[in-house]
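Asker: The structure follows.
Values in this text are rule-based calculations from the coordinates and carry no lab data. Since the model is a prediction, treat every value here as computed from it, not as a measurement. Here the Cβ is made from the backbone with ideal geometry for all residues, glycine too, and neighbour counts use every protein chain on show.
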Amino acid sequence: MTSPESQPPAPQPAEPESKDRVYRSAPAIAGGVLLLAIAGWLGVDAVISGEGRTPWLALALLLLVVPLVVAFTLRPAVYAGDDRLRIRNPFRIVVVPWGQVASLRSAYSNEVLTESGAKYQLWAVPVSLRARKKAARREMRATAQARRETGREGSRGGALGTTEGLRLGFSREPLSDGPVRAETDRIMDDLRGLHEARRQAESARGEVTVRWAYEVLAPAVAGAVLVLILVVLG
């Protein structure tokens, strides 16, 4: 028997690896699945029941349309890790270390600006002006309700309570955990917070890399060429 002193130390549990936060657009995915279903239904029907060059034209159109639908609906995603931001857009994959990010800007689209002045759009985090207006209306209603409730509580507390209730009741700050924000604006806030926390880290340094998505471009170009040839040949 081995003595307790000679026994090997128990292995320490490995620290869990940090996983990237993944942001995608659920409406875009749903729309992409619907479009693919419609294209598949029409294309298969044309291939089976079509005559002459119609089946070949349908196949060529499917070769052109399917990659484009996938590129603009199912493919876009944003992966935010501790060291870098990986942006998967329709035709490119951009990897930006946090140390190279100058700012994350939201206007009519959400964009990341690098220290070199390059700008890349976040296709997976689209801006919805309708969602912003809806969030603004909810914020106004929450603020008005908080003012009314605070005023009623203050009026029940006597003269001093009335003064305090009026002071708080007409305050511009809502009595809530935070302002009501649209979903994509909250995502951008998360990305800005991660950028502020990690931009000075040694592991967040590096160069920006851009890779074209040839797996999407190649079949789409081939489909476009085939469609052109079939149309010209009549």
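Asker: Which length gain, in nm to one decimal place, applies between Ile48 and Ile29 when the Cα-Cα distance is subtracted from 0.36 nm times their residue separation?
Answerer: 4.0 nm
Asker: Which of the chymotrypsin sites (Phe, Trp or Tyr not before Pro) found in the stretch 56-126 are in a DSSP loop and have at most 11 neighbouring Cβ atoms, other than their own, within 10 Å?
Answerer: Passing sites in the stretch 56-126 are Tyr108.
Asker: Another question, if that's okay. Calculate the spin-label point distance for Arg192 paired with Gln121, positioning each point 7 Å from the Cα along the beta-carbon direction, and give it in nanometres.
Answerer: So the two model labels end up 2.2 nm from each other.
Asker: Lys19 versus Glu207, label points 7 Å from Cα toward the beta carbon: distance in nm?
Answerer: Here the modelled spin labels are 3.3 nm apart.
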